[in-house]
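The values are calculated or read from the model by the stated rules, or taken from the named source; none is laboratory data. Bear in mind the structure is a predicted one, so any value in this text is a computation, not a measurement. All Cβ positions, glycine included, derive from the backbone under ideal geometry; neighbour counts span all protein chains shown.
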Amino acid sequence: MNSDNSSGTQRTRGTDGTTLDIVVDDTSTLPHGLVRLRSGVIAVTHVYCPNGHNLVDENSDARFNGYPGISLKIKGEEEEGIVIVSPIHGDDTRFGANDFTPGEVTTVCCPVCDVELPLVQDCGCTTHSKLVGLYLDPELVEGSQVVMCNAWGCLRSRITDRFQIISKLD
Ligand SMILES: [Zn+2]
Ligand SMILES: [Zn+2]
């Protein structure tokens with residue numbers, strides 16, 4: 001990592017929580033701005049709500065191995081807040097609101113327009129938990145999505161390109 005910071009704003013290294021290697025495997029090209037790290041895991045560089053808001057803020061200080069996180073508004077039974085999850089698939093690092101209990105079914109919303117992310121299917125990890133979807137393209141193409149569970153702490157998720165699984169975590 002470059003210790004100089006040309007942008008002038010000093011990033012706090014402490015907000016970069018992951019330990020996965022950042023090296024990009026440039027032998028394979030992936031659609032939708034997806035990046036494959038040399039360790040094999042996939043990172044998302046942009047992802048959209050059903051109204052087309054990009055939930056990856058490139059200028060965010062919440063970084064995961066250098067990649068900006070995905071901002072979500074999580075509404076639990078008693079608390080709600082902004083949670084920034086890792087854009088690196090399989091990395092369970094997150095920042096922000098934390099007042100939820102493991103397995104608690106939450107409502108996952110866009111932090112910009114507050115729209116609830118569409119339900120894709122049951123997850124099965126707990127009663128009423130569902131997989132909810134974000135879109136990889138600003139055109140909101142169904143099947144080219146990041147899908148994740150709305151139960152707090154459940155890591156079941158997948159990244160799909162035209163319904164084909166690129167990366168999956170069960
Ligand atoms: Zn939105
Ligand atoms: Zn689940």
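Among (1) among the charged types (D, E, K, R); (2) modelled with pLDDT under 95; (3) surrounded by fewer than 17 Cβ atoms within 10 Å (Cβ to Cβ); (4) away from ligand 2 (no atom under 16 Å from the Cβ), which single condition is Asp92 missing?
Every condition holds for Asp92 apart from (4).
Can you tell me which residue in the range 134-146 is surrounded by the most Cβ atoms within 10 Å (Cβ to Cβ), limited to those that are assigned to a loop (DSSP other than H, G, I, E, B) and hydrophobic (A, V, I, L, M, F, W, C)?
Among residues in the range 134-146 that are assigned to a loop (DSSP other than H, G, I, E, B) and hydrophobic (A, V, I, L, M, F, W, C), the one surrounded by the most Cβ atoms within 10 Å (Cβ to Cβ) is Leu136.
Looking at (1) within 12 Å of the chain's Cα centre (by Cα); (2) more than 13 Å from ligand 1 (Cβ to nearest atom), find the lone condition where Leu55 falls short.
The failed condition is (2).
Assess whether Ile159 counts as being outside any loop (DSSP other than H, G, I, E, B) and either modelled with pLDDT of 95 or more or within 15 Å of ligand 1 (Cβ to nearest atom) (or both).
yes
Does Leu131 satisfy being near ligand 2 (Cβ under 10 Å from one of its atoms), in contact (Cβ under 8 Å) with a residue 24 or more places away in the chain and not in a loop (DSSP other than H, G, I, E, B)?
Yes.
Can you spot a residue in the range 110-126 that is within 14 Å of ligand 2 (Cβ to nearest atom), charged (D, E, K, R), surrounded by fewer than 15 Cβ atoms within 10 Å (Cβ to Cβ) and more than 18 Å from the chain's Cα centre (by Cα)?
Within the range 110-126, one or more residues are within 14 Å of ligand 2 (Cβ to nearest atom), charged (D, E, K, R), surrounded by fewer than 15 Cβ atoms within 10 Å (Cβ to Cβ) and more than 18 Å from the chain's Cα centre (by Cα).
Among the residues in the range 60-78, are any in contact with a Phe, Trp or Tyr (Cβ under 7 Å, 6 or more places away or on another chain), at pLDDT below 95 and more than 16 Å from ligand 1 (Cβ to nearest atom)?
Yes, because at least one residue in the range 60-78 is in contact with a Phe, Trp or Tyr (Cβ under 7 Å, 6 or more places away or on another chain), at pLDDT below 95 and more than 16 Å from ligand 1 (Cβ to nearest atom).
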